[in-house]
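Below you'll find the structure, written out as structure tokens, and then a few comments.
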Amino acid sequence: MEKKEIREAYMKYWLENGKRPVSIYAFAQQLGIGEAAFYDIYAAFDAVEKDIWRSFFEDTLEKLKTDETYLRYTVREKLLAFYFLWVQQLKEHRSYILVQRERFLAPSTTPRIHPDKLEAFRLAFYDYIRELIKEGYQSGEVKERKFISDQYVHGFWAQALFVLRYWIKDDSERFEMTDAAIEKAVNLSFQLISSNTLDSILDFGKFVFARK
């Protein structure tokens, strides 16, 4: 049995029952495999859930990298294309994500993300963003700044989580508000890292600090 088959069966179970299977043994029986065969592929249900999120990302990136038009995009355009397609990928599994959201959104008035639930996705996303940032340095779209450039990737991860949270709450037609939010968020981030905007903010901060 392939990983994809287990992921799809796991998502189907959640959709039909609103909870995870009672045990790996019971789930393996439903799949028609032995418990040991399941453990040869995944060590736990948490590993399945993490791999589901990573697969949403990897499926998106795989489609993008086979698109010749995408390969000719600027770095900003590539990130926009990623988010737009990623949201489309998520839409295909929206019911699963909504029924599962309490497992990766911490309960609070302002939802936070359980980092461990999205860890595999986060690591893969970081690798992708580092590639974009490196490309941006070469093209001049991203300005390299001492002590700060290493933090860019964390900012983009926060941006990805913002997009995810916004999309989960979005009830607009065809999720048009999410598309608008993506465009505004990406444009703002590139204004900060590719122009003198951030330098001006830093200089002002240094000035205020020096005056204290």
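The numbers here are math on the coordinates, done by the rules we state, and not lab data. None of these values were measured; they are calculated from a predicted model. Positions of Cβ are generated from backbone atoms using ideal geometry, with glycine treated the same way; all protein chains shown enter the neighbour counts.
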Kindly express, to the nearest 10 degrees and within the range 0 to 90, the angle between helix 152-169's C-alpha long axis and the longest C-alpha principal axis of the chain. 60
Which trypsin sites (Lys or Arg not before Pro) in the stretch 43-87 sit in a loop by DSSP (not H, G, I, E or B) and have at most 12 other Cβ atoms within 10 Å of their own Cβ? R72
How far, in degrees from 0 to 90, does helix 45-65 lean away from the longest principal axis of the Cα atoms of the chain, to the nearest 10? 50
State the extension gain, in nm to one decimal, for the chain segment bounded by D116 and S149, taking 0.36 nm per residue of separation less the distance between their alpha-carbons. 9.4 nm
Quick one: length gained pulling R101 to K169 fully straight, 0.36 nm per residue minus the C-alpha distance? 23.4 nm
Rounded to the nearest 500 deg cm²/dmol, what is the calculated helix-only ellipticity per residue at 222 nm for the chain, with -39500 (n - 2.57) per DSSP H run of length n ≥ 4? -23500 deg cm²/dmol
Which three lengths, in whole Å and largest first, does the chain cover when its Cα atoms are put on their principal axes? 66, 44, 37
Taking the inverse of the average 1/r across all pairs of different Cα atoms in the stretch 108-190, what Kirkwood radius in Å do you get? 14.3
List the GluC sites (Glu not before Pro) within the stretch 56-93 that DSSP assigns to loop and that have no more than 14 neighbouring Cβ atoms inside 10 Å. E92
Quickly rank 34-40, 11-17 as a protection proxy: mean count of other C-beta atoms within 10 Å, highest first. 11-17, 34-40
Give me the angle, in degrees from 0 to 90, between the Cα long axis of helix 3-17 and the longest principal axis of the Cα atoms of the chain, rounded to the nearest 10. 80
